[in-house]
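**Student:** Quick one: structure below, then a few questions.
Derivation of every value follows stated rules applied to the coordinates shown; laboratory data play no part. Keep in mind the model is a prediction, meaning the values are calculated, not measured. Here the Cβ is made from the backbone with ideal geometry for all residues, glycine too, and neighbour counts use every protein chain on show.
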């Protein structure tokens, strides 16, 4: 007997489930593409502490720690913008908490899967002070020859 099939896979429900996930989540590659293209209507929010922000952040991101979202979102996020939240990485639920705060305020919001960790591991640039730095792509997370995985 298959352990995988011990619970039958979904059929009709699968499309609704996966479509719903894509409404709530995005990935670092898609966020990178939008930031590079200057896609209108998308604001990327780093919900980490000031110390973490200074250690490095996505170029073009807005720094808004989760504890300050309720009081500062209206001044930093344009009306009608879709918010993409990120925090450290998949072992951290800070981006989820930040996304919840934005949703409670009525913003359209998505969480960036992988967070800052996977942004760096996929070889995308990081802003540290006035400098942009870039680490080599981790071939366990992305194709070394470029940012596109083909998925």
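**Student:** Quick one: angle between helix 94-104 and the longest Cα principal axis of the chain, in degrees between 0 and 90, rounded to 10, please.
**Tutor:** Taking the Cα atoms of the chain, the angle to 94-104 is about 80 degrees.
**Student:** Over all alpha-carbon pairs of the chain, lay out the pair-distance distribution in 5 Å bins, whole %, shortest bin first.
**Tutor:** Distribution as computed: 2, 9, 17, 20, 19, 14, 9, 5, 3, 2, 0, 0 percent.
**Student:** Run the numbers for residue 19 and residue 39: contour at 0.36 nm per residue of separation, minus the present Cα-Cα distance, in nm. Intermediate values should be presented prior to the final figure.
**Tutor:** Numbers: separation 20, 0.36 × 20 = 7.20 nm, distance 2.20 nm.
In short, 5.0 nm is gained.
**Student:** With N residues in the range 57-126, what two-decimal value do you get for its Cα radius of gyration over 2.2 N^0.38 Å?
**Tutor:** Here the answer is 1.08, to two decimals.
**Student:** Calculate the all-directions average of the projected area of the range 94-141's alpha-carbon convex hull, and give it in nm².
**Tutor:** 4.3
**Student:** With n ≥ 4 as the cut-off for DSSP H runs, can you work out [θ] at 222 nm for the chain, using -39500 (n - 2.57) per run divided by the number of residues, rounded to the nearest 500?
**Tutor:** Per the formula, -10500 deg cm²/dmol.
**Student:** Which FRET efficiency value, to the nearest 0.05, is calculated for residue 133 and residue 7 with the Förster distance at 41 angstrom and r the Cβ-Cβ distance?
**Tutor:** 0.35
**Student:** Quick check: Cα centre of the range 88-151 to Cα centre of the range 11-32, how many Å?
**Tutor:** With the range 88-151 and the range 11-32 each reduced to a Cα centre, they are spaced 16 Å.
**Student:** Using the per-residue mean of other Cβ atoms lying within 10 Å as a proxy for protection, in what order, highest first, do the peptides 57-67, 108-118 fall?
**Tutor:** Per-residue mean Cβ counts within 10 Å order the peptides as 108-118, 57-67.
**Student:** Evaluate the Debye formula for the range 1-60 with equal point scatterers sitting on the alpha carbons, no solvent, and hand back log10 of I(q)/I(0) at q = 0.16, 0.30, 0.31 Å⁻¹, in q order, two decimals.
**Tutor:** The Debye formula, applied to the Cα set alone, gives -0.73, -1.19, -1.20.
**Student:** Could you give the length gained on full extension between residue 75 and residue 88, defined as 0.36 nm per residue of separation minus the Cα-Cα distance, in nm?
**Tutor:** 2.3 nm
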